[in-house]
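Okay, structure first, notes after.
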Amino acid sequence: MNMNETTGLRPMLLVLGCVAAMPAAAQDGSENTDYPRLLDSSTSAKASAISEGDRRLGLDSGDRKSNELSVDVKPEWVWQLSEHWRSKVRLQGFAATGKVDVSDEIGGTETDGFVGLREAWLDYNGLTSYPGASIRFGRERLKENTGTWWDDDITLARWIFDTTLLKTTVGIADKLTEARTDVNEVRKQERDIARLFASTQWQWKKDHYLTLLTTHAERYGDESDLGPDSDSGTPERVTESLTWVGVRADQGYFDWHSRSPVQYLATFGAVAGEDARLTENPGATNGYTREERDVSGWAADLGLRGQLTESPRWVVGAHGAIASGGSSDGESDAFRQTQLESNRSRFTGTRSQVSRFGEAFQPEWSNLKVATVYTAITDRNWWAANLLYHKYWLADAAGTVNSDLVEPGFTGASDDLGESVDMVLGYYGAGTEGTWTSFDARLRAGVFFPGQAYGEDADDSRHRVVLDLTKRF
């Protein structure tokens, strides 16, 4: 660990130490009270086998195939500190036999090990007499149901209002640190960006929901911080001032306990504002040239699911998703996501978390068209099986698509990105403590078949298979 990483971790460790010490300190200074008390304490230990095909699809001499093993341990504690104060701390220790991608956990970074702080927050619900209203601040997993807007650990302060028919949150957030010993500093393209976010979900009819989301991101950092260096070079694009607005209508689409014979999902999003395109230039003052661009993009995802049998629940579904592409001098028509997304959710109607755009490809939802069909069967609680097919096209054949798992390598001759097949199986027995069945097992297997956009020299296929066994204590 270098000096910068050690310095950056000191505030994180100080906060963690203060939060962890609060229950003991409060207890020493009080008598005849039930506070503080430990509401929940648990540890999950996960062993994984991970196999991946070549990320370059055989288009150059490098070979990025890998077959690795990993161990992931996450302890967490939740305390009731007083009548109105509650706190949570969640840690993570990860180790692998080689570099593996942990995009399903923390977002697009390869690593062979780290210790990290996932969550450390305080929640105060004494603002009003209503128990569903509170203010929360600290480091938290900010998440919404689709995973295409928010699903990331971030430092924030937010107001929460939670009722049976209406759920609302408004807050501010900033990625101050990754809070990990391997890559404590945030990636350049995500650094020094202040975010304002809000969402409201209204149940306007039984099991029918209307959700509004908005995010504004404003960059406040020093221009010299974007200059090239030996570790990460220069980011291709950075946020200057962008605003996202989204609307979603669904019929309990993410409720795996649902018994509805037909369910729908319709989501639409738009982004507008300014970003900057950066190009390395040794002759420039900062080592790069900067081109400001006006951004105006949009995206939509429509899904429909039918239930064939109720017990076990067997469903079939189809999705059509599109995100705009295209750019010209000083302007971009491409939709881009908030940089807080995971694109992973329970959109197949089961308990399984599934990558929305393919387990072996996992592209960013930008300049992309995707047709998806799937079938899934589950008993709703203990097991689930999901089978999915995706077909991909470029929305603008002259553009490209970014992915954490596959490097572009486009020939520019076609908009056909290819297709993929995924199988996700899950057994959820960790809740049966004290028995031999008290573990979770999950298999995520995907194969991506590159299309004509990659040319004739690309590999015929690329796989990603992850087998997880998780035990909770």
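The values are calculated or read from the model by the stated rules, or taken from the named source; none is laboratory data. Since the model is a prediction, treat every value here as computed from it, not as a measurement. All Cβ positions, even for glycine, are placed from backbone atoms using ideal geometry, and neighbour counts span all protein chains on display. In case anyone asks, the SASA skips ligands and DNA or RNA and just uses the protein heavy atoms, side chains included. Shrake-Rupley method; radii C 1.70, N 1.55, O 1.52, S 1.80 Å.
The table for this structure:
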{"quantity": "Among residues of the stretch 124-145, those that are out of contact with any Leu (no Cβ under 8 Å at 6 or more places or on another chain) and of a type outside the set (Gly, Ala, Ser), counted", "calculated": "9"}
{"quantity": "Yes/no for VAL71 being open to solvent by 70 Å² or more (accessible area, probe 1.4 Å) and either at pLDDT 95 or above or under 16 Å from LEU117 (Cβ atoms) (or both)", "calculated": "yes"}
{"quantity": "Per-region count, the stretch 409-419, residues within 14 Å of ALA458 (Cβ to Cβ) and either in contact with a Phe, Trp or Tyr (Cβ under 8 Å, 6 or more places away or on another chain) or buried (at least 16 other Cβ atoms within 10 Å of the Cβ) (or both)", "calculated": "7"}
{"quantity": "Residue pairs meeting the criteria (Cβ under 9 Å; at least 6 apart or on separate chains; first within 12 Å of THR411 (Cα to Cα), in the stretch 384-400; second open to solvent by 50 Å² or more (accessible area, probe 1.4 Å) and outside any loop (DSSP other than H, G, I, E, B))", "calculated": "ALA398/SER327; GLY399/SER327"}
{"quantity": "Tabulated pairs, the stretch 418-437, first more than 20 Å from ALA47 (Cβ to Cβ) and in a strand (DSSP E or B), second acidic (Asp, Glu) and modelled with pLDDT of 95 or more, C-beta under 8 angstrom, 6+ apart or interchain", "calculated": "SER420/GLU359; ASP422/GLU359"}
{"quantity": "Number of positions in the stretch 373-402 that are closer than 16 Å to ARG444 by Cβ and either open to solvent by 40 Å² or more (accessible area, probe 1.4 Å) or not hydrophobic (A, V, I, L, M, F, W, C) (or both)", "calculated": "7"}
{"quantity": "Residue within the stretch 312-320 that is in contact (Cβ under 8 Å) with a residue 40 or more places away in the chain, out of contact with any Ser or Thr (no Cβ under 8 Å at 6 or more places or on another chain) and open to solvent by 50 Å² or more (accessible area, probe 1.4 Å) present", "calculated": "no"}
{"quantity": "All positions within the stretch 179-194 that are open to solvent by less than 50 Å² (accessible area, probe 1.4 Å) and touching a residue at least 24 places away in the same chain (Cβ under 8 Å)", "calculated": "ALA179, ARG180, THR181, ASP182, ASN184, LYS188, GLU190, ASP192, ILE193, ALA194"}
{"quantity": "Some residue of the stretch 180-192 being of a type in the set (Lys, Arg) and farther than 28 Å from GLY330 by Cα", "calculated": "yes"}
{"quantity": "Hits in the stretch 340-366 - residues which are assigned to a loop (DSSP other than H, G, I, E, B), buried (at least 20 other Cβ atoms within 10 Å of the Cβ) and either polar (S, T, N, Q) or without any contact (Cβ under 8 Å) to a residue 24 or more places away in the chain (or both)", "calculated": "SER342, ASN343, THR348, THR350, SER352, GLN362, SER366"}
{"quantity": "Residue ranges of strands (runs of 3 or more DSSP E) in the stretch 32-105 with at least 2 members over 27 Å from SER342 (Cβ atoms) and in contact (Cβ under 8 Å) with a residue 12 or more places away in the chain", "calculated": "37-52, 66-80"}
{"quantity": "Residue list for the stretch 249-259, restricted to those being of a type outside the set (A, V, I, L, M, F, W, C) and surrounded by fewer than 16 Cβ atoms within 10 Å (Cβ to Cβ)", "calculated": "HIS257, ARG259"}
{"quantity": "Any chance THR164 is over 15 Å from the mean Cα position of the chain (by Cα), without any contact (Cβ under 8 Å) to a residue 12 or more places away in the chain and surrounded by fewer than 21 Cβ atoms within 10 Å (Cβ to Cβ)", "calculated": "no"}
{"quantity": "Yes/no for ALA120 being in a strand (DSSP E or B), open to solvent by less than 20 Å² (accessible area, probe 1.4 Å), among the small types (Gly, Ala, Ser) and within 30 Å of LEU302 (Cα to Cα)", "calculated": "no"}
